[in-house]
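The values are calculated or read from the model by the stated rules, or taken from the named source; none is laboratory data. Fair warning: this is a prediction, and the values are worked out from it, not measured in the lab. Cβ: placed from backbone, ideal geometry, glycine included. Neighbour counts: every protein chain shown. Surface accessibility is based on the protein's heavy atoms, side chains included, excluding ligands, DNA and RNA. Shrake-Rupley method; radii C 1.70, N 1.55, O 1.52, S 1.80 Å.
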Amino acid sequence: MLPNAERARTYLEAQKNVAAQDPRWYEMMAQIASAQGWPRPRFAQMIEEGLDQAPEYYPIYFAAVDYLSPGSGGSSA
């Protein structure tokens, strides 16, 4: 779990207009989503947005796999 995940989420969301131009924003938000246990639809919407903007930025895919893996709270269903 990420310490201060809520504080980081609040900051990143406040800076989204500028910061989300960098695909790492989506990677970091995926890590926060995993730490906070976001519902799958909310997570999927954020990931899809990131992949629409940067489909060749593979760390977003890896972060999604981490979120969805059973060891991180995801499920095989």
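Descriptive notes on the structure:
- Identity of the residue in the stretch 27-67, among the polar types (S, T, N, Q) and more than 10 Å from the chain's Cα centre (by Cα), that ends up modelled with the highest pLDDT: Gln53
- Matching residues in the stretch 35-58 - criterion: being open to solvent by less than 40 Å² (accessible area, probe 1.4 Å), within 25 Å of Pro3 (Cβ to Cβ) and assigned to a helix (DSSP H, G or I): Ala35, Phe43, Met46, Ile47, Gly50
- Hits in the stretch 1-34 - residues which are open to solvent by less than 80 Å² (accessible area, probe 1.4 Å), within 13 Å of Asp66 (Cα to Cα) and not β-branched (Val, Ile, Thr): Glu27, Met28, Met29, Ala30, Ala33, Ser34
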